[in-house]
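Here's the structure, in structure tokens; my notes come after.
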Amino acid sequence: MEIPKIFESEYRFCMILWENEPINSTELVKKAKEQLGWSKATTYTVIRRLSERGVVKNENAIVSSLVSKQQAQVAEIDELMEKRFGNSLPQFIAAFTKQQKLTDEQINEIMKIIEK
């Protein structure tokens, strides 16, 4: 199953949803206003658009996700890898490590992932 594209502002909205789901749409509107500064109309527009793309469902005023946070993150990384690094994990890691110094703990964690 291909994960639908979730744009940056939608992702911030989804973060609120993932932390609180399932959630009443009225309560979600309040949280979006508090955390994102969104109006009621904006929030309902985003819920509708995400529903149309299969990212969330809104049934009987209860909103829940159809795409998990992890699925969204993996899809975003896959897109980044394809667009910027030609699907080359070594190129991605090289670019990432040039900007950040990895700790021994992080290196060990990466090595464990590679060994799996």
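Quick notes on this structure:
- Among the residues making up the stretch 27-77, a single one is of a type in the set (Ser, Thr, Tyr), free of Cβ contacts under 8 Å to residues at least 12 places away in the same chain and part of a loop (DSSP other than H, G, I, E, B): Ser39.
- Residues located in the stretch 61-92, provided they are hydrophobic (A, V, I, L, M, F, W, C) and surrounded by fewer than 12 Cβ atoms within 10 Å (Cβ to Cβ): Ala61, Ile77, Leu80, Leu89
- Among the numbered conditions (1) at pLDDT 95 or above; (2) under 11 Å from the mean Cα position of the chain (by Cα), the only one that Ile3 does not meet is (1).
- Any hit, the stretch 42-54, residues being of a type in the set (A, V, I, L, M, F, W, C), surrounded by 15 or more Cβ atoms within 10 Å (Cβ to Cβ) and either in contact with a Pro (Cβ under 6 Å, 6 or more places away or on another chain) or over 20 Å from Asn24 (Cα atoms) (or both): no
- Residues in the stretch 6-26 that are under 9 Å from the mean Cα position of the chain (by Cα) and not in a helix (DSSP H, G or I) were compared, and the one that is surrounded by the most Cβ atoms within 10 Å (Cβ to Cβ) is Ile6.
- Flag if Glu59 is acidic (Asp, Glu) and within 15 Å of Phe7 (Cα to Cα): no
- Qualifying residue in the stretch 85-107 (condition: of a type in the set (Asp, Glu), under 28 Å from Ile23 (Cβ atoms) and not assigned by TED's automatic domain parsing to the domain that holds Glu19): no
The values are calculated or read from the model by the stated rules, or taken from the named source; none is laboratory data. Computed from a prediction, not measured in an experiment: that's the story for all the values here. Here Cβ is always computed from backbone atoms with ideal geometry, including for glycine, and neighbour counts include all displayed protein chains.
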